[in-house]
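**Student:** Before I ask anything, let me first share the structure, which is written out below as structure tokens.
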Amino acid sequence: MIPAADVLPPALEVTGLVKRYGDVTAVAGLSLAVRAGECFGLLGPNGAGKTTTLEICEGLATADEGEVRLLGRAWRTDAGWLRQRIGLALQETQLAEKLTVYETLRLFASFYHAPRMVNDVIPLVGLEEKRDARVGTLSGGQKQRLAIACALVGDPKVLFLDEPTTGLDPQSRRQLWDLIEAYKRAGGTVVLTTHYMDEAERLCDRIAIVDHGRVIAEGTPRALVGSIGAEHVIRFVLADGAEVPSALLEALPGVRVVAGTRDDGTELQCTAVHETVPALLGLLAQRGARLADLRTHAPTLEDVFVSLTGRALREA
Amino acid sequence: MAKPFPALSIVQLTLVRIKEFVREPEAMFWSFVFPLLLAAGLGIAFRSRPPEQLRVALVRDAASDSLERVLERGGGLVVDVLDDSTALMRLRTGQVALVADRDAGGTLRYEFDPERPDGRAARFLVNDALQRAAGRPDPVPVVERTVRERGSRYIDFFIPGLLGMNLMSSGIWGIAFSVVTARNRKLLKRLAATPMSRAEYLASYLLSRLGFLAAEVVVIVGFGALAFNVPVRGSVGVFALVTLLGALAFSGLGLLVASRATTVEGASGLANLVMLPQWIFSGVFFSSKNFPDALQPFISLLPLTATVDALRGNLLQGSGLVELAPHLGIILAWLVVTFGLALRLFRWR
């Protein structure tokens with residue numbers, strides 16, 4: 001019988017992590033646990049401490065306080081053992097441009113005791129046709145897939161990905177998601193950071209929302225979205241830069257949270273859209289404000305972040 | 001688990017270094033073509049230099065015509081007859097080495113700068129010619145024999161210097177740029193996250209240099225031997241050992257230069273700081289013995305001095321291991337110290 005996920009020891013356990021750079025505290029007592037075989041996402045705005053946390057977990061930085069246990073071991077005592085068993089893609093690595101895809105992977109494979117065959121890894125990331133092309137000639141998406149191939153070639157138990165799809169076009173992003181899902185189906189554990197909600201919702205079994213170096217919420221995407229208790233989000237933009245005081249909006253029936261958006265719009269998280277919308281239209285008509293745009297959508301992780309911090313994820 | 005040889009990381013790292021270098025046409029030019037152009041230029045410039053002619057001035061007066069004839073017969077002198085002020089002006093600006101004049105009483109007057117070697121030489125040549133013409137006998141008979149031997153020409157002196165200089169520049173530039181670029185592109189950080197051995201990474205730079213070393217040495221020494229008949233008198237084994245150790249020591253220096261710099265500009269500054277004193281002091285272009293005695297202990301400890309002296313000893317005098325041991329010891333010490341320090345100081349992010 002296969003034990004339930006809860007019974008397995010965690011692949012990664014982080015407790016009370018603190019990291020300071022001078023006066024800046026990048027990570028302020030962060031704790032989390034990642035189960036073996038799951039995809040765990042750290043979701044948060046830029047500067048929230050996601051990358052620092054990941055680098056400490058990857059053994060690239062040391063924490064000022066707190067503990068990291070990866071596959072049951074600590075970096076301090078078992079660095080060589082751990083490096084053989086993890087794969088990672090950093091946010092900004094540029095691989096050597098003069099080498100080919102094959103040569104790059106063969107180099108990375110040479111570092112591991114029991115690497116995968118390079119010729120097996122290339123098809124995994126869909127770079128068969130680029131096998132002998134120089135890295136400098138690859139597109140952004142292809143380079144990123146090669147970076148992931150470098151992470152996979154050591155046959156890792158845990159894969160760390162720092163913003164794997166930032167700056168990629170939609171097609172490349174979907175290709176990368178397929179790749180990560182295939183790794184997970186084969187039993188791998190994934191820890192990734194992202195500031196894209198759609199990415200987190202699609203890939204992650206569980207998510208920790210990180211802000212100012214702390215986990216402010218944790219759970220499955222569905223549970224997190226459900227936790228804000230809103231059934232709908234109404235998003236509107238007023239014509240001619242008109243404004244309505246948020247106290248008036250909060251008083252509308254069914255409204256739970258009011259927040260500004262990046263493009264000068266306003267979002268209302270509400271429980272009963274059929275009551276809130278007529279009341280909102282009435283309020284605007286009474287104040288002589290005209291709508292430039294009005295739409296509603298089901299709540300997303302973005303709305304969870306807004307309801308927790310009062311700020312939008314990407315402007316925070 | 002034993003891996004096949006080509007799958008070893010040190011082999012892969014070294015191959016990657018070599019491929020990256022070969023695929024960079026500019027690096028190939030500076031390592032191979034540029035030294036040859038330099039050697040050819042200097043070789044031609046110093047190849048068949050006639051005995052140096054000293055230019056002196058005579059002040060135009062009643063006596064100057066007869067003096068001019070005497071001096072020109074003496075040889076080795078070019079004589080300008082000028083008026084007083086022009087002659088002095090030319091002396092002051094270094095265009096003539098000496099101004100000579102004979103006053104009405106028959107006394108010879110020389111004006112020259114005793115701190116200039118050509119001034120002193122001109123004074124003796126001029127005085128000698130004029131005194132002999134006036135009837136001075138030479139009490140002791142003299143026989144002169146001039147020597148122009150292969151091995152003592154400037155090009156013979158220069159080819160080992162050029163080889164040493166090239167070992168230094170390719171070691172330092174080649175490695176420093178490659179390492180700093182990799183650090184800049186966060187590639188070092190990515191590699192540091194793998195189980196790669198860090199010592200192997202640094203060692204791969206030393207090993208890859210050896211692949212090009214043979215080519216560099218054959219090109220430079222072969223060119224000297226074929227084009228200028230520069231002698232190769234020592235044993236090939238000792239020569240190979242000297243170049244090998246020299247190349248490794250300069251690679252170690254290159255790694256040390258690159259161990260912390262995060263920008264190419266920073267690394268260039270540091271590389272120049274390391275190389276410039278050696279270009280000047282280590283006797284590449286002219287003998288390091290020209291510097292004051294107080295500096296000699298310091299100069300002889302420089303890795304380029306040790307390499308160039310050992311190469312000259314081997315190629316020109318045919319010195320063996322025993323005579324070259326002090327130089328080899330200095331080079332080896334540089335290799336051990338620089339590599340050890342680089343490994344300790346190296347910044348991976």
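**Student:** Checking the conditions here, which among B:145, B:132, B:136 is more than 14 Å from every other protein chain (Cβ to nearest Cβ), more than 37 Å from the chain's Cα centre (by Cα) and not in a helix (DSSP H, G or I)?
**Tutor:** Residue meeting the stated conditions: B:136.
**Student:** With at pLDDT 95 or above and within 12 Å of another protein chain (Cβ to nearest Cβ) as the only criterion, which of A:101, A:135 stands out?
**Tutor:** A:135
**Student:** Kindly establish whether residue B:157 is over 23 Å from residue B:338 (Cα atoms), out of contact with any Cys (no Cβ under 6 Å at 6 or more places or on another chain) and among the aromatic types (Phe, Trp, Tyr).
**Tutor:** yes
**Student:** I need the full set of residues from segment A:176-192 which are over 14 Å from residue A:151 (Cβ atoms) and within 13 Å of the chain's Cα centre (by Cα), in order please.
**Tutor:** Scanning segment A:176-192 gives a single hit, A:177.
**Student:** What residue, among those in segment A:43-56 that are touching a Ser or Thr at 6+ places or on another chain (Cβ under 9 Å) and either at pLDDT 95 or above or part of a helix (DSSP H, G or I) (or both), is surrounded by the most Cβ atoms within 10 Å (Cβ to Cβ)?
**Tutor:** Per the criteria, the residue is A:53.
**Student:** Failed condition for residue A:243, given (1) outside any helix (DSSP H, G or I); (2) under 28 Å from residue A:196 (Cβ atoms), with all others met?
**Tutor:** Failed condition: (2).
**Student:** Would you check which residues across segment A:92-135 are surrounded by 18 or more Cβ atoms within 10 Å (Cβ to Cβ) and in a loop (DSSP other than H, G, I, E, B) and list them?
**Tutor:** Selection gives A:93, A:95, A:96, A:99, A:110, A:111, A:112, A:115, A:125, A:127.
**Student:** Quick check on my filter: what residues within segment B:64-90 are surrounded by fewer than 17 Cβ atoms within 10 Å (Cβ to Cβ), touching a residue at least 24 places away in the same chain (Cβ under 8 Å) and not in a helix (DSSP H, G or I)?
**Tutor:** Correct list: B:76, B:78, B:80, B:81, B:83.
**Student:** If you check A:234, A:228, which single one turns out to be over 22 Å from the mean Cα position of the chain (by Cα) and under 17 Å from residue A:296 (Cα atoms)?
**Tutor:** Among A:234, A:228, only A:234 is over 22 Å from the mean Cα position of the chain (by Cα) and under 17 Å from residue A:296 (Cα atoms).
**Student:** When the residues of segment B:286-318 are narrowed to those that are aromatic (Phe, Trp, Tyr) and outside any helix (DSSP H, G or I), which ends up modelled with the lowest pLDDT?
**Tutor:** Filtering segment B:286-318 for residues that are aromatic (Phe, Trp, Tyr) and outside any helix (DSSP H, G or I), the one modelled with the lowest pLDDT comes out as B:286.
**Student:** If you don't mind, there's one more thing I want to ask. All but one of (1) touching a residue at least 24 places away in the same chain (Cβ under 8 Å); (2) buried (at least 19 other Cβ atoms within 10 Å of the Cβ); (3) under 28 Å from residue A:219 (Cβ atoms) hold for residue A:295, so report the exception by its number.
**Tutor:** Every condition holds for residue A:295 apart from (2).
**Student:** Further, regarding this structure: Being of a type outside the set (S, T, N, Q) and within 8 Å of chain B (Cβ to nearest Cβ) is the filter; apply it to segment A:71-85 and report the residue that is farthest from residue A:10 (Cα to Cα).
**Tutor:** Among those that are of a type outside the set (S, T, N, Q) and within 8 Å of chain B (Cβ to nearest Cβ), it is A:80.
**Student:** Quick one: how many residues across segment B:19-39 are within 11 Å of another protein chain (Cβ to nearest Cβ) and touching a residue at least 60 places away in the same chain (Cβ under 8 Å)?
**Tutor:** 3
**Student:** For residues that are within 14 Å of another protein chain (Cβ to nearest Cβ) and farther than 19 Å from residue B:34 by Cα, tally how many sit in segment B:148-188.
**Tutor:** 11
**Student:** On to the next question. Note down all Cβ pairs under 6 Å where the first residue falls in segment A:88-103 and is farther than 11 Å from residue A:150 by Cβ, the second is small (Gly, Ala, Ser) and surrounded by fewer than 20 Cβ atoms within 10 Å (Cβ to Cβ), and they're at least six residues apart or on different chains.
**Tutor:** Listed by first residue and then by second, the contacts come to A:97/A:136.
**Student:** Looking at (1) touching an Asp or Glu at 6+ places or on another chain (Cβ under 9 Å); (2) not in a loop (DSSP other than H, G, I, E, B), can you tell me which one residue B:283 breaks?
**Tutor:** Residue B:283 satisfies every listed condition except (2).
**Student:** Which one of B:177, B:157 is part of a helix (DSSP H, G or I), among the aromatic types (Phe, Trp, Tyr), assigned by TED's automatic domain parsing to the domain that holds residue B:257 and farther than 27 Å from residue B:313 by Cβ?
**Tutor:** After applying the criteria, what remains is B:177.
**Student:** Please give the number of the condition residue A:248 fails out of (1) over 17 Å from residue A:294 (Cβ atoms); (2) surrounded by fewer than 16 Cβ atoms within 10 Å (Cβ to Cβ); (3) at pLDDT 85 or above.
**Tutor:** (1)
**Student:** Next question, about the same structure. In segment B:91-112, what residues are exposed (fewer than 15 other Cβ atoms within 10 Å of the Cβ) and more than 13 Å from residue B:79 (Cα to Cα)?
**Tutor:** Result: B:92, B:93, B:94, B:103, B:104, B:105, B:106, B:107, B:109.
The values are calculated or read from the model by the stated rules, or taken from the named source; none is laboratory data. Since the structure is predicted, the reported quantities are computational estimates derived from the model, not experimental observations. Cβ atoms come from the backbone with ideal geometry, glycine included; neighbour counts cover every protein chain shown.
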